[in-house]
Each structure stands twice: as C-alpha cells, then as structure tokens.
Amino acid sequence: MACYRHPERPAIEQCETCGRAVCAACLWYTEDGERLCEEHAAVRKAAGEAIVPPERYVEAHDDAQADAARGVVAPTAPFQGNSIDVLALVAVVVGVVAFSLNFGGVYLLPLVGVVLGLIVVIQAGQSLNKKRSATLGWVAIGTSAVGILIWIVFIFGCLGLTFLPLFFSSLNNRNTPYVTYTTVPYLTPTP
Ligand SMILES: [Zn+2]
Ligand SMILES: [Zn+2]
C-alpha cells in the first residue's frame, strides 16, 4: 500500500481517523499515541490537542520506511538460473565464436568485446554484484583493446614493410623509378 500523499512511497501506518495509508513523513501522533494523517493532525491541533509532528520519530520511522521499501521493491536478478542456464549461455558464446572463426568475423570480436564491456561498466550499478560486474567489464575492455592494438600494429607493420622501402628509395634517387630492373648477367664459364 502506498502513502496517500506520496504514491511512490510505501505506507508504514494508517490514519486512525480516516484510515488513509501514510508514509513516515506523513505520520503524525497525538500525545497518547494515536496515529493521524496530516489533515486530521491539523484538525486535532486546532481542537487544542498536543500533536507530535513526523520529525519527532524520524529515525525510528526511517527504519520502518526502509523495511517497507524493501518489501515492495525486492531486487530481481536479470539472469537467474541453474547450471543448465549457465551452460546454455556458454554454448551460445562458443557457438558465436566458432561461427565467427569460419567467416573471418573473429577479427571483429575485439570490437564486440569493447562495446559489451562498456555496456557492462555503464550498467554495472544495476547488477546484483556491482563491483564484480564493473571489474569484468573493464577486463573485457582491456583484453579487447589489446586485441585491437595488436591488429593495428600488424596492419601498419605490413604497410610499412611494403611501402616504406619504396618511399625512401624514391627520396634518395629522384631520377630513378620506384622499381629498377637489373639484368642478371649470365655466368659464363671461363676457360
Ligand atoms: Zn486522516
Ligand atoms: Zn507521505
């Protein structure tokens, strides 16, 4: 049941005059412990009774409020399951990796790793084990980044080995073409 003034907050008590549900911030008391909503507290106060405002018991009410909130919004795990569920997850991952290997898509896996890692790190606050999720996310980003780095080094290494010698030779000998054909002299046996 939610507080009649705060629909987003669970109620901890009811007004004994009108029966409306109230949260800790809306719960007033008479001197002899009768529970009241804000309106009926005002009515009783106007009648000359001593009324205790919600602030008086705010600490005790905070605990009750926390308990009520816990009962209403129980945390739900996004991935719940037994060993078969986990096995299914592993099987899908293995299948996707194996499929990628066949079509060269494995070269995209580091990019996928970075994207998934970023999603995990950003959403880690909503997971049950925030610290573990964040750590796993960063591990995924780190290992994937190493994979991407190796590819960049490899690609630029190949480009460099292919074109740099031609480039420098053209700088040194501006009059000679990039590729010079040299005639291999026939070895003639000397008498
Ligand atoms: Zn009331
Ligand atoms: Zn309230």
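The values are calculated or read from the model by the stated rules, or taken from the named source; none is laboratory data. As the structure is a prediction and not an experimental result, all values here were calculated from the model. All Cβ positions, glycine included, derive from the backbone under ideal geometry; neighbour counts span all protein chains shown.
Descriptive notes on the structure:
- Count of the stretch 1-19 residues which are crowded, with 19+ Cβ neighbours inside 10 Å and more than 9 Å from ligand 2 (Cβ to nearest atom): 4
- Of residues in the stretch 30-42 being more than 16 Å from C3 (Cβ to Cβ) and either surrounded by 14 or more Cβ atoms within 10 Å (Cβ to Cβ) or touching a residue at least 12 places away in the same chain (Cβ under 8 Å) (or both), the one farthest from ligand 2 (Cβ to nearest atom): E31
- In the stretch 14-42, the residues that are of a type outside the set (S, T, N, Q) and away from ligand 1 (no atom under 11 Å from the Cβ): C23, A24, A25, Y29, E31, D32, G33
- For the stretch 98-123, the set of residues classified as of a type in the set (A, V, I, L, M), within 22 Å of L149 (Cα to Cα) and either surrounded by 13 or more Cβ atoms within 10 Å (Cβ to Cβ) or at pLDDT 75 or above (or both) consists of V106, L108, L109, L111, V112, V114, V115, L116, L118, I119, V120, V121, listed by residue number.
- Per this entry, D67 is counted among residues that are assigned to a helix (DSSP H, G or I), away from ligand 2 (no atom under 15 Å from the Cβ), within 16 Å of R9 (Cβ to Cβ) and modelled with pLDDT under 90.
- When residues in the stretch 6-26 are screened for being in a loop (DSSP other than H, G, I, E, B), within 13 Å of H40 (Cβ to Cβ) and touching a helix residue (DSSP H, G or I) at 6+ places or on another chain (Cβ under 9 Å), 5 of them pass.
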